[in-house]
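The values are calculated or read from the model by the stated rules, or taken from the named source; none is laboratory data. Bear in mind the structure is a predicted one, so any value in this text is a computation, not a measurement. Don't worry about glycine lacking a Cβ; one is built from the backbone with ideal geometry, like all the others, and counts go over all protein chains shown.
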Number of protein chains: 2
Amino acid sequence: MAAVQAAPVLVDAMGGDHGPDATVHGAVRAHRDHGVAVTLVGHGDEIGARLRRHGAEAEIEILHAEQAVPMAERGAGALAWRRSSLAVGCAALAGAAGSGLVSAGSTGAVVACAVRGLGRAPGVLRPALAVALPTLDGGATVLVDAGATADPAPPMLAQFAGLGAGYARRVLGVAAPRVGLLSIGSEPGKGNRLAREAAELIAAAAPAAGLRFAGGVEGHDVLTGAVDVLVTDGFTGNVVLKNVEGTVRTVLAMVARAGGAHPARLREVARRYCPETHGGAALLGLAGTVVVAHGSSDAATIARACVVARDLAGTPATGDGDG
Amino acid sequence: MAAVQAAPVLVDAMGGDHGPDATVHGAVRAHRDHGVAVTLVGHGDEIGARLRRHGAEAEIEILHAEQAVPMAERGAGALAWRRSSLAVGCAALAGAAGSGLVSAGSTGAVVACAVRGLGRAPGVLRPALAVALPTLDGGATVLVDAGATADPAPPMLAQFAGLGAGYARRVLGVAAPRVGLLSIGSEPGKGNRLAREAAELIAAAAPAAGLRFAGGVEGHDVLTGAVDVLVTDGFTGNVVLKNVEGTVRTVLAMVARAGGAHPARLREVARRYCPETHGGAALLGLAGTVVVAHGSSDAATIARACVVARDLAGTPATGDGDG
């Protein structure tokens, strides 16, 4: 499964609620189970002790950083930690010492550090967060933007369509992605001003971009697999992503209360439908690949995020290992 | 339970997927089970035959209308049907022959006819749809706007807060409603431009309006009962409402596939969490009370919508019969 690659995936060892315990274990699993070359970024002593515990000190390199961004820093405040694992990781990525970066730090902190440390890719107006939502049919729909840009202009949404389609090709292995625009009706002319203007731009650009534009997609089709890529602004996308998570929790709690369902089976559904733990959110449109794993990520989730980072940075995937 | 009232609730007998079969039965149940005075609007012969089947021809009056808006008319096209049950019902409401109107026609058609036929209430900038979402704690949160005004300006959102609080007082019996603004973070300064500007206006107006402003509420708290009223623009609100419905269906399908859960209990959760069938969507801010019941409404749902219409039009409810 391992692709030939120029540089390892950098893993921010200090981010996340479980700190180096989860990130180091996740990096070891990414290497051993998925063949991903990994470098851990963070405090050398803390990482080294845990690598030895896994007998992996010869497999994985360490890039030392003396600081860690506190999990309470949820935005631009993270920029003040100039020698943090996040800052050092972004600098290494900018210097081509890595092919991608995975962090389980807070999304706001990672976005702030990555935008500052990497800058935008040539021609890209604004970055966007992409999350692969598991769908009922066993596949996934890439929701983009899930929260990076709250007030995009229509041309930015049109770029998000292209960025999301790139994710669908590289990570999900979809050759000609079906792209929809989240809206309040499928007929042309439905939606708010932003959606209506973006729809025209995406429709015009779709043939040359090699994507199939499916028009407006309503809220009840977010999880049905109606499209491969679902484009929206970062405000609506973030509300929808969190609404999916909250609704899944509420429904499972209601089912559990009603009685008769096996708790283990409900937990399995809950795990599957907690989108942020499913491969992480990819920050697209920067001059480097960044994947934000959920703060509560365990080793398996970190490992999965490393696979996504490798696939995004490398050649298009052939569809193995996902969906 | 019956409140003293000046005029009956008008029920559009011809709307909905099940037509007069469901609406006439629902009107009969509203009168018999909930003490709501009702007048059925639509084709006299079709309504009369069904009222006789229920032995209710002496209980419920008929207001004849010779046309019915086809269910395929989902917007302003409905205005062409000038002698429809919807148009006749709106005219009767404007002429004070009813205290409120219930229709299971398409939301777009009902909104178009009601705005044309009734006009806005004095001082109201734009109408808003309010839907009472059942919450995990057994109560309800009023989502407003759920789809009437796709591109509101900040002062309109501030008015939606007041309209939603009125709904919470009259229908849910909440004396001092907690009002939240749907956003992407609870800290001040989070959100898109619209949400940030609306937050300042709502915070400034809250004390005089007798409501408690709770600030930003994120997507995972839509169903947790964090607030009594959740304010948003009609684009985001419509996406969220449909996303809740779709996610509920998806999760229950996953649970059913996993096996071991009782189908009847899953159906009960599904029924409870299909928000549009739970009392209907109230169109607020017009010079008259209009409740849009879901197109698939059965008799019980129509009856419940009649109760909501009566409570919205009349004196504040004391909390009986809801959530």
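A few remarks follow.
- Failed item in (1) surrounded by fewer than 23 Cβ atoms within 10 Å (Cβ to Cβ); (2) hydrophobic (A, V, I, L, M, F, W, C); (3) modelled with pLDDT of 90 or more; (4) touching a Lys or Arg at 6+ places or on another chain (Cβ under 6 Å), with residue A:303 passing the rest: (1)
- Subset of the range B:146-170 that is assigned to a loop (DSSP other than H, G, I, E, B) and out of contact with any Pro (no Cβ under 9 Å at 6 or more places or on another chain) - its residue that is surrounded by the most Cβ atoms within 10 Å (Cβ to Cβ): B:147
- Which listed residue, of A:2, A:91, A:65, is of a type outside the set (Phe, Trp, Tyr) and at pLDDT below 95: A:2
- Residues of the range B:201-227 satisfying the condition of being more than 12 Å from every other protein chain (Cβ to nearest Cβ), touching a residue at least 12 places away in the same chain (Cβ under 8 Å) and touching a helix residue (DSSP H, G or I) at 6+ places or on another chain (Cβ under 9 Å): B:201, B:202, B:205, B:206, B:209, B:210, B:211, B:212, B:213, B:215, B:227
- Scanning the range A:25-39 for residues that are buried (at least 22 other Cβ atoms within 10 Å of the Cβ) and over 19 Å from the mean Cα position of the chain (by Cα) returns a single hit, A:28.
Yes or no, residue by residue, for (1) in contact with a Ser or Thr (Cβ under 7 Å, 6 or more places away or on another chain); (2) at pLDDT 90 or above; (3) under 23 Å from residue A:253 (Cα atoms):
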| residue | (1), (2), (3) |
| --- | --- |
| B:248 | yes, yes, yes |
| B:260 | no, no, yes |
| B:265 | no, no, yes |
| B:275 | no, no, yes |
| B:284 | no, yes, no |
| B:290 | no, yes, no |
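- Checking each residue in the range B:43-98 for being in contact (Cβ under 8 Å) with a residue 60 or more places away in the chain and over 15 Å from residue B:11 (Cβ atoms) picks out B:71, B:94, B:96.
- Residue in the range A:266-278 that is of a type in the set (S, T, N, Q), more than 9 Å from chain B (Cβ to nearest Cβ), more than 22 Å from residue A:294 (Cβ to Cβ) and touching a residue at least 24 places away in the same chain (Cβ under 8 Å) present: no
- Unique residue being outside any loop (DSSP other than H, G, I, E, B), at the interface with chain A (Cβ under 7 Å from one of its Cβ atoms) and within 17 Å of the chain's Cα centre (by Cα) when the list is B:230, B:241: B:241
- Within the range A:187-202, the set of residues being surrounded by fewer than 16 Cβ atoms within 10 Å (Cβ to Cβ) and either outside any helix (DSSP H, G or I) or among the hydrophobic types (A, V, I, L, M, F, W, C) (or both) comprises A:187, A:188, A:189.
- Test: residue A:136 is under 22 Å from residue A:248 (Cα atoms), among the aliphatic types (A, V, I, L, M), in contact (Cβ under 8 Å) with a residue 40 or more places away in the chain and surrounded by fewer than 19 Cβ atoms within 10 Å (Cβ to Cβ): yes
- In the range B:203-227, residue nearest to residue B:135 (Cα to Cα) [restricted to those that are in contact with a Lys or Arg (Cβ under 9 Å, 6 or more places away or on another chain) and assigned to a helix (DSSP H, G or I)]: B:221
- Against the list (1) in a loop (DSSP other than H, G, I, E, B); (2) on the phi < 0 side of the Ramachandran plot, the condition residue B:173 fails is (2).
- Residue A:279 vs. criteria crowded, with 22+ Cβ neighbours inside 10 Å, touching a Ser or Thr at 6+ places or on another chain (Cβ under 9 Å), small (Gly, Ala, Ser) and at pLDDT 95 or above: no
- Number of the condition not met by residue B:121 [criteria: (1) over 17 Å from residue B:312 (Cβ atoms); (2) touching a residue at least 24 places away in the same chain (Cβ under 8 Å); (3) over 16 Å from the mean Cα position of the chain (by Cα)]: (1)
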